[in-house]
Amino acid sequence: MAHFSTIPDDIHRLIIDELFYKDWLPANVKKNLYLLAINHTWRQLALPLVYSKAYICYGKDGTQSDTDNVLDTTIELIPHGNLIKDVFIKLRYHSNLIPGLDRVIELLGCGATRLKLVMKPTVDKGDGELNTAELAQAADRLVAALPSVSVLDYAGVSKKSATGVLLGYIAGRYANQLTALTSNISFATESTFTQLKTIDFVKEYPDQVQKINPEHLTKLTISNSCPTMMWGNFQLHGNGGDIVFPNLKQLTIHNLSNSSLHYFQFRLVFPRLASLFIFGTSPILSQLKLPTYLESITIKTSGSVYKQLQDVVLPTADNIELSDIWESDYQTLTCMNRLLRNGGKKASLSFYNPYITITADQLTCEHFSILLLHARVNISTLLEIVKLPNLHTLTLYSVINSSDEDILELTSSLDPFTSPIKQLALNYIDCPHGLMVKATTSLVLRMPQLKRLTAHQIDDIKLDSYVSEYPHIAGIKCLFKPVH
């Protein structure tokens with residue numbers, strides 16, 4: 001066996017990287033310090049990793065006085081400030097955030113490029129009285145201590161007016177160098193963001209952000225809480241007043257209505273978009289100019305919105321995933337089938353209405369790969385669904401009884417068809433126990449690629465006796481849930 005000191009550094013690095021806790025939890029950051037105590041080699045190799053993240057916490061939950069707060073940090077920042085890349089500041093304060101922030105700033109002075117802020121008052125009255133001059137000066141002090149920040153994360157900040165003003169000043173000071181900005185609260189700044197590549201405004205769009213240059217954006221996440229005037233903050237490019245995002249690769253939209261776009265009478269143009277995610281009650285697709293091909297399209301919305309999209313033709317995509325939320329009926333299912341017609345390698349459909357019965361002729365898309373149906377499906381329909389040539393995952397929440405002829409067809413011969421399904425989940429409703437066992441067994445024998453089987457109410461099914469004739473059964477992971 002080789003001596004520890006003769007092991008190449010590359011091997012040591014692989015081991016250290018495997019043991020290293022990569023998240024922000026203070027306890028895990030402190031655990032990483034143990035890597036420095038193994039030997040001299042590990043200390044040299046682990047030091048840049050261990051000191052790459054700094055977690056600073058000021059204050060305690062329930063503190064009743066600003067003077068009673070305590071300052072805790074996971075590592076000694078000053079000796080190794082040049083190694084720090086990420087700084088996480090959690091600030092809990094009673095009524096005035098500035099004293100705590102100044103205590104934190106005293107520890108800083110490093111070249112960190114990522115700053116995550118969590119600021120929350122310990123009492124309901126919030127930030128108290130703070131004038132804008134004090135907040136601007138506090139922002140200046142923080143930016144002076146962390147001059148190289150390019151990634152700014154406000155996702156954990158409580159919604160308070162004074163806090164929003166401070167965050168606006170901080171973001172404004174970094175405006176010319178920020179490449180990523182995340183926030184769940186509103187803040188104000190008059191600066192122009194010229195280098196942003198990633199924007200994530202899931203809950204609120206910042207007020208009074210004067211200009212954002214869309215030229216460098218590669219990822220954009222926005223929500224319906226963004227006010228109507230938001231789109232005017234993007235600098236217009238191209239002809240006809242359209243807003244062009246020439247390099248955007250990923251677009252995520254949460255509950256965004258068309259009204260904000262109709263107000264300005266323009267479209268959003270994405271010539272190089274690769275992934276589109278739409279969640280909630282947004283019929284905004286009619287306002288988007290998309291390329292003819294995307295890697296993936298994911299839409300999760302209500303049945304009523306799908307009906308509004310019945311004439312929309314989606315671009316061709318390798319992966320199209322559609323899910324309904326509520327208000328779904330047969331017309332919804334028809335519209336979803338139409339939207340899936342340009343799917344490529346993967347077409348995924350999730351449909352929810354437990355009160356209607358779906359038949360095979362209502363699933364018109366020819367290239368389904370994933371089907372999740374929270375609707376009633378009888379055994380004759382199940383027979384047709386499992387024959388879909390590209391289907392590899394099938395989940396049926398309500399399989400109901402059908403005619404004796406269907407059962408005879410399913411169980412009389414194993415020759416008529418085989419199924420490509422790899423994952424099968426069935427929940428029988430009001431079916432005789434013997435029928436459930438017989439139907440499931442017959443299906444499994446026809447699925448040579450099946451890897452996972454989940455079935456309710458048939459925990460006494462016996463498949464082992466078929467292994468010699470159907471060896472694929474030995475490789476199936478089964479989960480049989482008994483009736484309760």
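The values are calculated or read from the model by the stated rules, or taken from the named source; none is laboratory data. The shown structure was predicted, so the numbers you read here are calculated from the model rather than taken from an experiment. Reconstructed Cβ throughout: ideal geometry from the backbone, glycine too, with neighbour counts over all protein chains shown. Keep in mind that these areas ignore ligands, DNA and RNA; they rest on the heavy atoms of the full protein, side chains included. Shrake-Rupley method; radii C 1.70, N 1.55, O 1.52, S 1.80 Å.
Which sequence of TYR470, TYR330 reflects their accessible areas, 1.4 Å probe, from the largest down?
Per-residue accessible area, sorted high to low, gives TYR330, TYR470.
Kindly sort ARG114, ARG267, ARG341 by accessible area of their heavy atoms, largest first, with the probe set to 1.4 Å.
The residues order as ARG341, ARG267, ARG114, largest area first.
Karplus couplings for the stretch 295-305 from phi (6.51 cos²θ - 1.76 cosθ + 1.60, θ = phi - 60°), rounded to Hz, Gly and Pro as x?
Computed from phi, the couplings for the stretch 295-305 are 6, 8, 10, 10, 10, 10, 8, 8, x, 5, 6 Hz.
Beyond a 21 Å Cα-Cα separation, which of these cross-linked pairs lie in this structure: LYS219/LYS289; LYS346/LYS451; LYS249/LYS289; LYS30/LYS53; LYS85/LYS160?
Beyond 21 Å between Cα atoms: LYS85/LYS160.
Based on the Cβ-Cβ distance of THR334 and ALA27, what FRET efficiency does E = 1/(1 + (r/R0)^6) give at R0 = 51 Å, to the nearest 0.05?
0.45
Once neighbouring chains are kept in place and the probe is 1.4 Å, which whole percent of the accessible area of the stretch 445-484 is contributed by carbon and sulfur?
Reported share for carbon and sulfur atoms: 52 percent.
Please give, to one decimal in nm, the separation of the simple spin-label points placed at ASP242 and ALA188, each 7 Å out from Cα toward the Cβ.
Label-label distance for ASP242 and ALA188, simple model: 3.5 nm.
Over the heavy atoms of GLU384, what accessible area does a 1.4 Å probe trace out, to the nearest 10 Å²?
90 Å²
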